[in-house]
Amino acid sequence: MFGLMVMGLGIALMVHAELGGAPWDVLHIGLTNHFGLTVGTWSILMGLVVLSITAFLMKAWPQMGAFLNMLFLGIFIDLFLWIIPAPTHLLLQYVMMLTGIIIIGYGIGIYIAPGCGAGPRDSLMLALQKKTGWKVQHVRILMEVVVLTVGWLLGGTVFIGTLIFCFGIGSVVGVTLPHCKRIFDSILKRGKKDEDFNEGSLRTHYHDGIS
């Protein structure tokens with residue numbers, strides 16, 4: 001849940017920077033411009049559509065993490081868009097855009113680390129990969145190109161931020177995901193040692209409240 005909140009913050013920063021968003025966010029912005037509703041609401045609605053397609057292709061319900069991603073990511077996006085003011089200077093726009101990409105990378109790492117399931121878009125990517133036999137990167141590229149094109153035709157913002165995100169997010173996640181995974185594993189390991197008498201160190205100042 002914390003990872004989804006961090007992702008929502010990063011996406012909101014990129015949207016407010018108005019220098020181009022990630023392909024799916026370009027689609028959400030385009031839908032907002034044409035049909036109203038909020039960017040977060042369209043994120044939820046499109047996530048529902050994507051999950052439905054994935055369930056149809058795989059003949060199985062996606063994992064709970066995908067549903068949580070669909071719902072709460074949209075809520076967090078709208079919350080941060082409401083809280084964070086839009087920048088009034090070009091330099092601040094670039095700072096928000098670059099910061100947003102890094103924060104999104106950490107959000108992805110945090111929410112993937114517990115292994116509760118991929119988000120709607122990643123679930124569809126994996127489903128298409130299994131059905132077509134294509135490489136994952138080819139399926140992902142095709143998805144991003146289609147979504148970005150539709151978003152651009154609907155009036156979504158496509159600019160330098162879009163290019164930086166498309167070419168840079170892989171490298172960012174390549175750093176943030178192992179980092180978040182190590183932190184998550186260390187927390188689990190520490191908690192296990194604290195609960196397991198055979199694995200944890202004996203500390204004489206601990207007691208169970210019995211005199």
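Select from segment 17-41 the residues that are under 15 Å from the mean Cα position of the chain (by Cα) and of a type outside the set (D, E, K, R) and write down the one among them that is farthest from Gly156 (Cα to Cα). Can you show your working first?
Restricting attention to segment 17-41, the residues satisfying the condition of being under 15 Å from the mean Cα position of the chain (by Cα) are 21-26, 28, 39-40.
Now drop any that are not of a type outside the set (D, E, K, R), which leaves 21-24, 26, 28, 39-40.
Details: Gly21: 8, Ala22: 10, Pro23: 9, Trp24: 10, Val26: 5, His28: 8, Val39: 11, Gly40: 14 Å.
The residue in question is Gly40.
Condition check for Leu126 on (1) more than 18 Å from Leu9 (Cβ to Cβ); (2) open to solvent by less than 60 Å² (accessible area, probe 1.4 Å): one failure, at (2). If you go through segment 4-59 and keep only what is in a helix (DSSP H, G or I), within 23 Å of Ala127 (Cα to Cα) and among the small types (Gly, Ala, Ser), you end up with Ser43, Gly47, Ser52, Ala55.
For Gly10, state whether it is over 15 Å from the mean Cα position of the chain (by Cα), open to solvent by less than 40 Å² (accessible area, probe 1.4 Å) and not charged (D, E, K, R).
Working: over 15 Å from the mean Cα position of the chain (by Cα): no; open to solvent by less than 40 Å² (accessible area, probe 1.4 Å): yes; not charged (D, E, K, R): yes.
In short, no.
If you go through segment 60-70 and keep only what is touching a Pro at 6+ places or on another chain (Cβ under 8 Å), aliphatic (A, V, I, L, M) and either open to solvent by 10 Å² or more (accessible area, probe 1.4 Å) or outside any helix (DSSP H, G or I) (or both), you end up with just Met70. Cβ separations smaller than 9 Å between residues 6+ apart or across chains give the following pairs from segment 111-134 residues that are more than 16 Å from Phe72 (Cα to Cα) and in a loop (DSSP other than H, G, I, E, B) to residues that are modelled with pLDDT under 80 and open to solvent by less than 20 Å² (accessible area, probe 1.4 Å): Pro114/Gly65; Gly115/Gly65.
The values are calculated or read from the model by the stated rules, or taken from the named source; none is laboratory data. Keep in mind that what you see is a predicted model, and the values were worked out from it rather than measured. Heads up, the Cβs are rebuilt from the backbone with ideal geometry, glycines too, and the neighbour counts pull from every protein chain shown. Remember, those area values only see protein heavy atoms, side chains included, never the ligands or the DNA or RNA. Shrake-Rupley method; radii C 1.70, N 1.55, O 1.52, S 1.80 Å.
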